[in-house]
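Colleague: Following this message is one structure expressed as structure tokens.
The values are calculated or read from the model by the stated rules, or taken from the named source; none is laboratory data. The structure displayed is predicted, hence computed values, not measured ones. Here the Cβ is made from the backbone with ideal geometry for all residues, glycine too, and neighbour counts use every protein chain on show.
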There are 2 protein chains.
Amino acid sequence: MSAIVTAAMVVIGDEILSGRTQDRNIGYLATLLTAAGIDLKEVRIVPDEEDEIVAAVNALRERYTYLFTTGGIGPTHDDITADAIARAFGVPCEYDSKAYAMLEATYAARGLEFTEARKRMARMPEGAEHIANPVSTAPGFRIGNVHVMAGVPAVFQAMMDNVLPTLHTGTKMLSAMVPCPLGEGVIGGPLAEIQKRHPDTIIGSYPKFGEGRFSTELVVRARSPEALEAARAEIEKMVAELAA
Amino acid sequence: MSAIVTAAMVVIGDEILSGRTQDRNIGYLATLLTAAGIDLKEVRIVPDEEDEIVAAVNALRERYTYLFTTGGIGPTHDDITADAIARAFGVPCEYDSKAYAMLEATYAARGLEFTEARKRMARMPEGAEHIANPVSTAPGFRIGNVHVMAGVPAVFQAMMDNVLPTLHTGTKMLSAMVPCPLGEGVIGGPLAEIQKRHPDTIIGSYPKFGEGRFSTELVVRARSPEALEAARAEIEKMVAELAA
């Protein structure tokens, strides 16, 4: 009996959709969750528009065990994630006294003014709990199953280090890769037969194109090591026979 | 009067969600569309599951001028995009005679068998038009406002070269960047005031973290060159004053 834990991600930011900034958080989170036995099932990239953020968050938080968001929690006018999450949960967005005091102390220690903009970073939905930010103080937060984090990769990654130990993890999805010198057109038929014989595995075929020709990486995924090995061995045999 | 043309993208593939493959098509499409005056408004990454693909395609094709999909159009059992798109449009998915003949001739010329797997690549929704694939023959297709393309970046990019000239383009969104040595906490308040005074622009603030401190890139976007320049000049003046 495998425990399945699922997740989705919402990436918030016009800069990703305009191509100005290359997202670096999706691949990071995907790899981290897979290693932890949590299945990332969907990612949405949405603009800095409250209605869009609310719609994406509400659609995904109800379907999956966990939702992770990145972006839009800084001090400027286009940082509207805290308000959007509060609206998604139907609660007020207010100054969090602990976050406020922490930020106030940090800026005082650095001899910097605690501006209205900086105070914005202490705002979060009522009932939210902090996600510590060891890089630059201003915390992310968790409310329900939604984890709200920074978009700057160094900060996001540091926050995830704090989030990961708090998550329920599932039976880890194992994977094995069989390299294949042949294109998908040759192996497609036999591979589909192997998939049919091994319904408790997910077999993927990933074409690569280089030096004017296609080759393939065949990847089996399964939660059971025995199921994985049985399918892997059949695929290896198939490749050896077809490539001979 | 600006013409606004919008777009969304669906990235199809378990391999992106597992972290096994790093997506390289989102940033490429975002940059290409922005340069063409088309606003990319949402991206969804979904697994190789027909229901998920159908739901994402139907949600997005009705909201935006164009929808672009990548992935899942190869010859293997996990390539289910053509079937999913046909179901989304409520039409049959059948062998396209032109694509079939083209693939048959290509494999014959290369002395290769036209396997059942390879024949799969000739399947498309009834009424679809080809998107030529100069890299590896098997075409993508367009049906309605949905453009269905390969996930392999070299093939996707070659297909987009053929798609781009067929698109209606809008008034191009112009942008200007003002580098700022200060963090967002200092500039956030004054920047919000500038945004209020320039409602026909979109002003974004993008924090960067390096060498132990934050700096910021302030980006103004507008469709009118005059509106862009007016906001840019104010931001530049603000940065000069605050950094003095």
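Colleague: Is it fair to say A:Ser136 is closer than 30 Å to A:Arg110 by Cβ, at the interface with chain B (Cβ under 9 Å from one of its Cβ atoms), under 25 Å from the mean Cα position of the chain (by Cα) and hydroxyl-bearing (Ser, Thr, Tyr)?
Modeller: Details: closer than 30 Å to A:Arg110 by Cβ: yes; at the interface with chain B (Cβ under 9 Å from one of its Cβ atoms): yes; under 25 Å from the mean Cα position of the chain (by Cα): yes; hydroxyl-bearing (Ser, Thr, Tyr): yes.
Spelling it out, A:Ser136 is indeed closer than 30 Å to A:Arg110 by Cβ, at the interface with chain B (Cβ under 9 Å from one of its Cβ atoms), under 25 Å from the mean Cα position of the chain (by Cα) and hydroxyl-bearing (Ser, Thr, Tyr).
Colleague: Does the range B:1-8 contain any residue that is without any contact (Cβ under 8 Å) to a residue 60 or more places away in the chain, in a loop (DSSP other than H, G, I, E, B) and either more than 13 Å from the chain's Cα centre (by Cα) or crowded, with 18+ Cβ neighbours inside 10 Å (or both)? Even if it seems obvious, please write down each step before you answer.
Modeller: Initially, the range B:1-8 is screened for residues without any contact (Cβ under 8 Å) to a residue 60 or more places away in the chain, giving B:1.
After this cut, where a residue has to be in a loop (DSSP other than H, G, I, E, B) as well, the list is B:1.
So of that shortlist, the ones also either more than 13 Å from the chain's Cα centre (by Cα) or crowded, with 18+ Cβ neighbours inside 10 Å (or both) come out as B:1.
Yes, the range B:1-8 contains at least one residue that is without any contact (Cβ under 8 Å) to a residue 60 or more places away in the chain, in a loop (DSSP other than H, G, I, E, B) and either more than 13 Å from the chain's Cα centre (by Cα) or crowded, with 18+ Cβ neighbours inside 10 Å (or both).
Colleague: Which number in (1) touching a residue at least 24 places away in the same chain (Cβ under 8 Å); (2) outside the structural domain of A:Asn25 (by TED's automatic domain parsing) marks the one condition that A:Asn162 misses?
Modeller: Looking at each condition in turn, A:Asn162 falls short on (2).
Colleague: Same structure again: Restricted to the range B:65-77, and to residues that are surrounded by fewer than 24 Cβ atoms within 10 Å (Cβ to Cβ) and over 12 Å from the mean Cα position of the chain (by Cα), which residue is nearest to B:Leu29 (Cα to Cα)? Give the steps one after another, and end with the answer.
Modeller: Taking the range B:65-77 first, the residues surrounded by fewer than 24 Cβ atoms within 10 Å (Cβ to Cβ) are B:65-66, B:77.
Now restrict to residues that are over 12 Å from the mean Cα position of the chain (by Cα): B:65, B:77.
On the way: B:Thr65: 15, B:His77: 27 Å.
Applying the filter and picking the extreme gives B:Thr65.
Colleague: A follow-up question, please. I want to confirm something. Restricting to the range A:23-70 and keeping residues that are assigned to a loop (DSSP other than H, G, I, E, B) and more than 10 Å from chain B (Cβ to nearest Cβ), which single residue is farthest from B:Gly189 (Cα to Cα)?
Modeller: Kept after step one, since they are assigned to a loop (DSSP other than H, G, I, E, B), are these residues of the range A:23-70: A:23-24, A:37, A:47-49, A:62-65.
Retained after the next criterion (residues that are more than 10 Å from chain B (Cβ to nearest Cβ)): A:37, A:62-65.
Working: A:Gly37: 43, A:Glu62: 35, A:Arg63: 37, A:Tyr64: 37, A:Thr65: 37 Å.
Going through the qualifying residues, I end up with A:Gly37.
Colleague: Would you check if B:Arg61 is over 20 Å from A:Ile203 (Cβ atoms) and buried (at least 17 other Cβ atoms within 10 Å of the Cβ)? Steps first, please.
Modeller: Numbers: over 20 Å from A:Ile203 (Cβ atoms): yes; buried (at least 17 other Cβ atoms within 10 Å of the Cβ): yes.
Criteria met by B:Arg61.
Colleague: Go through the range A:67-81 residue by residue and tally those that are without any contact (Cβ under 8 Å) to a residue 12 or more places away in the chain and aliphatic (A, V, I, L, M).
Modeller: Going residue by residue through the range A:67-81, those that are without any contact (Cβ under 8 Å) to a residue 12 or more places away in the chain are A:77.
Add one more test, that the residue is aliphatic (A, V, I, L, M), and what stays is none.
Summing the residues that are without any contact (Cβ under 8 Å) to a residue 12 or more places away in the chain and aliphatic (A, V, I, L, M) in the range A:67-81 gives 0.
Colleague: Here's a follow-up. Applying the selection to the range B:119-145, what residues are surrounded by fewer than 17 Cβ atoms within 10 Å (Cβ to Cβ), charged (D, E, K, R) and out of contact with any Pro (no Cβ under 7 Å at 6 or more places or on another chain)?
Modeller: B:Glu129
Colleague: Which of the residues belonging to the range A:71-90 are away from chain B (no Cβ under 14 Å) and either part of a loop (DSSP other than H, G, I, E, B) or at pLDDT below 95 (or both)?
Modeller: A:Gly90
Colleague: Which of the strands (runs of 3 or more DSSP E) found entirely inside the range A:91-198 contain at least 2 residues meeting this: closer than 30 Å to A:Glu236 by Cα?
Modeller: Details: elements: A:93-95, A:123-125, A:129-133, A:137-143, A:146-149, A:174-180.
Filter on the range A:91-198 gives A:174-180.
Colleague: Give the range B:214-243 a look and list any residue that's over 23 Å from A:Gly13 (Cα atoms) and either part of a loop (DSSP other than H, G, I, E, B) or within 13 Å of chain A (Cβ to nearest Cβ) (or both), or say none.
Modeller: Across the range B:214-243, the qualifying residues are B:Met238, B:Leu242.
Colleague: On to the next question. Being away from chain B (no Cβ under 12 Å) and without any contact (Cβ under 8 Å) to a residue 40 or more places away in the chain, is that true of even one residue in the range A:181-194? Give the steps one after another, and end with the answer.
Modeller: Restricting attention to the range A:181-194, the residues satisfying the condition of being away from chain B (no Cβ under 12 Å) are A:181.
Okay, now just the ones that are also without any contact (Cβ under 8 Å) to a residue 40 or more places away in the chain, so none.
Within the range A:181-194 (the criterion being away from chain B (no Cβ under 12 Å) and without any contact (Cβ under 8 Å) to a residue 40 or more places away in the chain), the answer is no, since none of the residues qualifies.
Colleague: Collect the residues in the range B:149-166 that are of a type in the set (S, T, N, Q) and either surrounded by 21 or more Cβ atoms within 10 Å (Cβ to Cβ) or within 14 Å of chain A (Cβ to nearest Cβ) (or both), keeping them in residue-number order.
Modeller: Within the range B:149-166, the first condition is being of a type in the set (S, T, N, Q), and the residues that meet it are B:157, B:162, B:166.
Residue satisfying the conditions is B:Gln157 alone.
Colleague: Go through B:Arg223, B:Arg213, B:Arg197, B:Arg232 for me and flag whichever is charged (D, E, K, R), buried (at least 21 other Cβ atoms within 10 Å of the Cβ) and at negative phi. Write out each step before concluding.
Modeller: Working: B:Arg223 fails: buried (at least 21 other Cβ atoms within 10 Å of the Cβ); B:Arg213 fails: buried (at least 21 other Cβ atoms within 10 Å of the Cβ); B:Arg197 fails: buried (at least 21 other Cβ atoms within 10 Å of the Cβ).
Only one candidate passes the filter, namely B:Arg232.
Colleague: Kindly evaluate B:Ala105 against the criterion of being free of Cβ contacts under 8 Å to residues at least 12 places away in the same chain and either over 17 Å from A:Ser215 (Cα atoms) or buried (at least 17 other Cβ atoms within 10 Å of the Cβ) (or both).
Modeller: Values: free of Cβ contacts under 8 Å to residues at least 12 places away in the same chain: yes; either over 17 Å from A:Ser215 (Cα atoms) or buried (at least 17 other Cβ atoms within 10 Å of the Cβ) (or both): yes.
Yes: the conditions hold for B:Ala105.
Colleague: Which of the numbered conditions does A:Val146 fail, given that it passes all the others? Conditions: (1) under 17 Å from the mean Cα position of the chain (by Cα); (2) touching a residue at least 60 places away in the same chain (Cβ under 8 Å); (3) closer than 19 Å to A:Ile80 by Cβ; (4) within 14 Å of another protein chain (Cβ to nearest Cβ).
Modeller: If we test A:Val146 against (1) under 17 Å from the mean Cα position of the chain (by Cα); (2) touching a residue at least 60 places away in the same chain (Cβ under 8 Å); (3) closer than 19 Å to A:Ile80 by Cβ; (4) within 14 Å of another protein chain (Cβ to nearest Cβ), just (4) comes out false.
Colleague: Do we have B:Glu211 as within 14 Å of chain A (Cβ to nearest Cβ), farther than 26 Å from B:Asp23 by Cβ, free of Cβ contacts under 8 Å to residues at least 12 places away in the same chain and more than 20 Å from the chain's Cα centre (by Cα) here? Don't jump to the end; show me each part of the working.
Modeller: Working: within 14 Å of chain A (Cβ to nearest Cβ): yes; farther than 26 Å from B:Asp23 by Cβ: yes; free of Cβ contacts under 8 Å to residues at least 12 places away in the same chain: yes; more than 20 Å from the chain's Cα centre (by Cα): yes.
Yes: the conditions hold for B:Glu211.
Colleague: Looking at the structure I just gave you, is B:Tyr206 assigned by TED's automatic domain parsing to the domain that holds B:Asp48, of a type in the set (Phe, Trp, Tyr), touching a residue at least 12 places away in the same chain (Cβ under 8 Å) and surrounded by 14 or more Cβ atoms within 10 Å (Cβ to Cβ)? Give the steps one after another, and end with the answer.
Modeller: On the way: assigned by TED's automatic domain parsing to the domain that holds B:Asp48: no; of a type in the set (Phe, Trp, Tyr): yes; touching a residue at least 12 places away in the same chain (Cβ under 8 Å): yes; surrounded by 14 or more Cβ atoms within 10 Å (Cβ to Cβ): yes.
Taking the combined requirement at face value, the residue does not satisfy it.
Colleague: Would you check which residues across the range B:80-98 are of a type outside the set (S, T, N, Q), surrounded by 17 or more Cβ atoms within 10 Å (Cβ to Cβ) and farther than 11 Å from B:Ala128 by Cα and list them? First the steps, then the outcome.
Modeller: Going residue by residue through the range B:80-98, those that are of a type outside the set (S, T, N, Q) are B:80, B:82-96, B:98.
If we keep only those that are surrounded by 17 or more Cβ atoms within 10 Å (Cβ to Cβ) as well, we get B:80, B:82-89, B:93, B:96.
If the condition is that a residue be of a type outside the set (S, T, N, Q), surrounded by 17 or more Cβ atoms within 10 Å (Cβ to Cβ) and farther than 11 Å from B:Ala128 by Cα, then B:Ile80, B:Asp83, B:Ala84, B:Arg87, B:Ala88 are the ones that fit.
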